[in-house]
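Chemist: Encoded as structure tokens, here's the structure I'll be asking about.
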Amino acid sequence: MLHLISDKLVDLVEKNTDVIVQRWMDRLLSDPATTSFSEEVLQKFSGRARMVITELGQWIGYDTPKEDVGRQFADEGAGLFRMKIPLCEGIRALVLLKRSIWLFVMFESNFESALELNQMRELNDRVVLFFDRAKYYFIRGYMEEMNRTMKELWDLNDTDTEKIFFKKSFYNK
């Protein structure tokens, strides 16, 4: 396993999962762009956010296959659709989670040397790549569930739904 030079910062984040998740939840509840996230809905999502943060080192590691990220976040996107939460709000929640992690690192770490700044840069690069992948698969899972639901509700076939989702939009067929 290839180690990150930012492992120290990853440990800081993982050890402060509860603080970061609480800040994220507070932000979601106060953000006018995430009105579908009630306290009840957030309780379901807080467990998922905790999982991401407590396993951050694994998720952003060089050895983690993008397919693992894909499976997890396609399922998360499908679940969001089933909860009747708009996709834009789900993406906003992911953006705010990434931002909550980053703000925590910025304010809680005392970087003074070039090595520490490089650790921050590496962590930022890896976290951004992870969340970009997560968003892609999250959107895909949401759309796949929407496609499946449309077929079920209105007895549509692939030809019908490809007028909305286009050919080869999904990979799970």
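Chemist: Separation between the LYS84 and ASN16 pseudo-spin-labels, each 7 Å from Cα along Cα→Cβ, expressed in nm?
Modeler: 3.8 nm
Chemist: For semi-axes √(5λ) of the Cα gyration tensor in Å, the listed values are (i) 40, 16, 13; (ii) 22, 18, 15; (iii) 33, 19, 12; which was obtained by calculation from the structure presented?
Modeler: Label of the calculated value: (iii).
Chemist: Only counting other Cβ atoms within 10 Å, I'd like TRP154, TRP24 sorted with the fewest neighbours first. Don't skip to the end; give the middle numbers.
Modeler: Details: TRP154 9, TRP24 25.
In increasing order of surrounding Cβ atoms, one gets TRP154, TRP24.
Chemist: Mind checking the full-extension length gain between ASN118 and THR35? Use 0.36 nm per residue of separation minus the Cα-Cα distance, one decimal, nm. Walk me through the intermediate numbers first.
Modeler: Working: separation 83, 0.36 × 83 = 29.88 nm, distance 3.72 nm.
Computed gain between ASN118 and THR35 is 26.2 nm.
Chemist: Are any of the pairs LYS15/LYS135; LYS98/LYS167; LYS44/LYS66; LYS98/LYS163; LYS135/LYS167 more than 30 Å apart by Cα-Cα distance, and if so, which? Present the calculation step by step, with values, prior to reporting the outcome.
Modeler: On the way: LYS15/LYS135 24 Å; LYS98/LYS167 32 Å; LYS44/LYS66 24 Å; LYS98/LYS163 34 Å; LYS135/LYS167 21 Å.
Going by Cα-Cα distance, LYS98/LYS167; LYS98/LYS163 fall outside the 30 Å limit.
Chemist: Once you place label points 7 Å from the Cα toward the Cβ at LYS167 and MET150, how far apart are they in nm?
Modeler: 1.7 nm
Chemist: Let me ask something additional. Under the rule of -39500 (n - 2.57) per DSSP H run of 4 or more residues, summed and divided by the residues of the chain, what mean residue ellipticity at 222 nm is obtained, to the nearest 500 deg cm²/dmol? Don't skip to the answer; put the middle values down first.
Modeler: Details: 8 runs with 132 residues, N = 173.
Using -39500 (n - 2.57) per qualifying helix, the result is -25500 deg cm²/dmol.
Chemist: Taking square-rooted eigenvalues a ≥ b ≥ c of the alpha carbon gyration tensor, is the stretch 96-173 rounded, prolate or oblate, where a/c under 1.5 means rounded and, failing that, a/b exceeding b/c means prolate? Could the numbers behind the result be given before it?
Modeler: On the way: a/c = 6.71, a/b = 3.58, b/c = 1.87.
It comes out prolate by the Cα gyration axes.
Chemist: Could you check the simple spin-label distance between ASP158 and ASP132, using points 7 Å along Cα→Cβ, in nm with one decimal?
Modeler: 3.1 nm
Chemist: Further question: Take each of the peptides 66-77, 29-40, 93-104, average the number of other beta-carbon atoms within 10 Å over its residues, and list them starting from the highest. Before the final figure, lay out each step's value.
Modeler: Working: 66-77: 17.8, 29-40: 13.0, 93-104: 20.0.
Per-residue Cβ counts within 10 Å, averaged per peptide and sorted highest first, yield 93-104, 66-77, 29-40.
The numbers here are math on the coordinates, done by the rules we state, and not lab data. Source: prediction; values computed, not measured. Here Cβ is always computed from backbone atoms with ideal geometry, including for glycine, and neighbour counts include all displayed protein chains.
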